[in-house]
Amino acid sequence: MDQIYQLLAITLGAILANNFIFSQFLGICPFLGVSKKVDTAVGMGIAVTFVMGLASAITWLVNLLLVKLGLAYMQTVAFILVIAALVQFIEMFLQKAMPSLYTALGVYLPLITTNCAVLGVALLNIQNNYNFISSVVYGITGGLGFLLAIVLFASIRERLVFAEYPKAFEGFPIALVTAGLMALAFMGFSGLKIW
Amino acid sequence: MTNVIFAIVVLGVLGAVFGLLLAVASKIFEVKKDPREEAILSHLAGANCGGCGYPGCAGCASAILAGDAPVTACAPAGAENAAAIAEIMGMAAPTGERQVAFVRCTGGVNAKKRYDYVGVKDCISATKVAGGPLECSFGCLGFGSCVNACQFGAMSIGENGTAVVDPEKCTNCGACMKACPRHLIVSVPASKKVHVTCANQDKGKATMSVCSSSCIGCGLCQKECKKDAIHVVNGVAVVDYEKCVGCKLCTKVCPRDAIIPVATAEEKEKYKAIKKAQAEKAAAAKKAAEEAAAASAQ
């Protein structure tokens, strides 16, 4: 029972209270770069969720090996290696097994290699002493939090076209202001306490 | 020191294992690709403009390979590359003159406004509001949907508020033609210089009242043309580029200045005077002939 409560807490925390983008500020690059259209934002969000879940599982196992060898201080380097290889592998696998998903994710899949949210989730799993199941759940829900954030942000940006704001704010400045306001709004979730 | 070496060895082994796994995976999950696709792709423009209607140049290459798209699908690549693609596909090289886009409206400030449009600066949005802000339901709105669609910087909004094409930069990719809600943009041969700059198909009186540079379909150009190269079709003059030799006689008789290059008033006067002189000469000759005939009869 405790395990289930913990998983629920992780889920709520990763999606709302400790959202990777709005309260941990990880994965900002794709968040700002790929959020001009809702369609592409959804694609990117799903791809990130997918890779974060898988990366959590594999890096957890790799960490076991590192700890055994007394090389825990090499985590970051090893994880980067794992994630880069994993993304390449997933790309190949999808191209063969699920061409439709491969074309849907398109260019976003290789872009994820350099997404710090993926590395972040791997390191946080170790930092928080999560077991294997918790790690995978944290990875997937963290990705869902990213998906939620980027889709909300993209739909706001699409509507910004119709808004009237000073010329100097056009483009990136208004996007950053929007992101800041959204982060403030998400701060409201930090008061969330169920148990 | 041993620590460092140990770390290097372990990570090196880890990297090598991943590398090997990827190498094996790339063989297992290999997707066979037609080598011709790469070859075709190398002959496309590479701008990913979407003018062909496929998602990017790679999409166009696979469509050409599948036979869904013609070898000339990529207009920006030009005739040379189309010929190269045709060779890859084992077909005869296509022939044809270079075409460029042309906007069939120079109304702009000359056209009467129905209301002041203050919405999103986009032609499609503007046409959705009571049929657009212009009295003329065929005219260029000048909000630049085509300018945004052009990936080659060949389009701009000209001085009088209508879109104009820079024929030097235009690749005839067709993106602007699809973007224009009024279908004002057409392909014309790049070498031809005489064009009708109006697409209004309404009756003469209605056309005259909405814009001062509209084609009213009077047919003077059709009468004047020695090559039978301009005709009034559906109330608007259309140049037959197969026959047009660019003599510009039609531009001199057009009462609405709706054929470019627009003749100046001076040129028009001169042409009128020449015609008058010719007519007088002909009349005089006729009179003389009649007199001579009468004299011989007597």
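Observations on the model:
- q = 0.10, 0.24 Å⁻¹: log10 I(q)/I(0) that the Debye formula gives for the range A:19-127, counting C-alpha atoms only: -0.30, -1.31
- Of the DSSP H helices in chain B, those whose Cα atoms cover at least 30 Å axially and whose Kyte score averages -1.0 or more: B:2-28, B:265-297
- Proportion of all alpha-carbon pairs of chain B beyond 27 Å (%): 60
- Candidate membrane-span-like segments in chain A, meaning DSSP H helices with Cα atoms spread over at least 18 Å of their own axis and a Kyte-Doolittle mean of -0.5 or above, are A:38-68, A:75-97, A:132-160, A:172-187, with no membrane implied.
- Contour minus Cα-Cα distance for residue B:206 and residue B:121 (0.36 nm per residue): 27.9 nm
- Relative contact order, percent, chain B [alpha-carbon distance under 8 Å, six or more residues apart]: 13
- Projected area averaged over orientations for the range B:40-133, convex hull of C-alpha atoms, nm²: 8.5
- Once C-alpha pairs closer than 8 Å and six or more residues apart are averaged by separation and normalised to the residue number of the range A:2-98, the relative contact order reads 13 percent.
- Cβ-Cβ FRET estimate between residue A:100 and residue A:3, R0 fixed at 35 Å, reported to 0.05: 0.45
- With the simple model of a label 7 Å out from the Cα in the direction of the Cβ, residue A:28 to residue B:291 spans 9.8 nm.
- Mean separation of Cα pairs under 8 Å and 6 or more residues apart, divided by the residue count, gives chain A a relative contact order of 43 percent.
- Charge dipole (the protein assembly as shown, unit charges on Cβ, about Cα centre) - positive-most of A:138, B:160, B:213: B:213
- Between the range A:48-124 and the range B:123-197, the alpha-carbon center distance in angstrom: 48
- Calculated mean residue ellipticity, 222 nm, chain A: -23500 deg cm²/dmol, from DSSP H runs (n ≥ 4) at -39500 (n - 2.57) each, averaged per residue and rounded to 500.
Each value in this text was obtained by applying a stated rule to the coordinates, not by laboratory testing. In this text the structure is predicted, and so the values were computed from the model without any measurement. No Cβ is skipped: glycine too gets one built from the backbone with ideal geometry, and neighbour counts run over all protein chains shown.
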